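Bear in mind that the values in this text are calculations on the coordinates, not laboratory data. This structure is a prediction, so every number in the text was calculated from the model and none was measured. Don't worry about glycine lacking a Cβ; one is built from the backbone with ideal geometry, like all the others, and counts go over all protein chains shown.
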Amino acid sequence: MDQIKEGLKISGIHSLHGSWIQKNSENSAQIDLLIDRDDNVITVCEMKFYNTEYAIDKNYAQEITKKINAFCTETKTKKSVFVTFITTYGLVQNQYAKQYVQNELTMDHLFIKP
């Protein structure tokens, strides 16, 4: 968590973190990691282990929207929600990455020497 927060440049902001799963629903949703920050922002982290840059396609972009909508509806949050992708080698910069992703981190951010 320390490396993720450092990579996002939010290490000085108090936060809580965990995962989220929508239960009791025909259309279930899961979020790998949430960072609920004291600056009225929730960072939704999608984790993808892939052997090259990860490409978000139209279907996965719709899945991201579904997850965010389900989370906001169920939790009734009034905070801003930002999407971060944590991937092995980064994202392919296509229209979906530009539209849906506010931040991205790679494994280089996770293995920082102190």
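Would you mind ranking Lys67, Lys5, Lys76 by Cβ crowding within 10 Å, fewest neighbours first?
Working: Lys67 21, Lys5 17, Lys76 6.
Neighbour counts put them in this order, fewest first: Lys76, Lys5, Lys67.
Fewest first, what order do Val83, Val41, Val92 take by the number of other Cβ atoms within 10 Å?
On the way: Val83 20, Val41 16, Val92 13.
Sorted ascending by nearby Cβ count, the order is Val92, Val41, Val83.
Counting only residues 5 or more places away or on other chains, whose amide H sits under 5 Å from the amide H of Leu91 once H atoms are built in the peptide plane?
Amide H neighbours of Leu91, under 5 Å, 5+ apart: Tyr54.
Determine which aspartates and glutamates satisfy two conditions relative to Lys66: a Cα distance under 20 Å, and not lying fewer than 8 residues away in the same chain.
Lys66 reaches Glu26, Asp32, Asp36, Glu46, Asp57, Glu74, Glu104.
Need one number: nm distance between label points at Val41 and Tyr60, each 7 Å from Cα along Cα→Cβ, rounded to one decimal.
2.3
Which number do you get for Rg(Cα) / (2.2 N^0.38 Å) in the chain?
Working: Rg = 14.1 Å, N = 114, 2.2 N^0.38 = 13.3 Å.
Output field value: 1.06.
Under the 0.36 nm per residue contour assumption, what length would be gained going from the current alpha-carbon distance of Tyr50 and Thr73 to full extension? Let's see the in-between values first.
Details: separation 23, 0.36 × 23 = 8.28 nm, distance 3.06 nm.
Full extension from Tyr50 to Thr73 adds 5.2 nm.
For a 23 Å ceiling on Cα separation, which of these pairs sit above it: Lys23/Lys78; Lys58/Lys78; Lys9/Lys48?
Numbers: Lys23/Lys78 21 Å; Lys58/Lys78 27 Å; Lys9/Lys48 21 Å.
Among Lys23/Lys78; Lys58/Lys78; Lys9/Lys48, the Cα-Cα distance tops 23 Å for Lys58/Lys78.
With charges only on Cβ, +1 for K and R and -1 for D and E, what is the dipole size of segment 2-110 about its Cα centre, in debye, rounded to 20? Spell out each step's value before the answer.
Values: 12 positive and 14 negative charges, 74 e Å.
Dipole size: approximately 360 debye.
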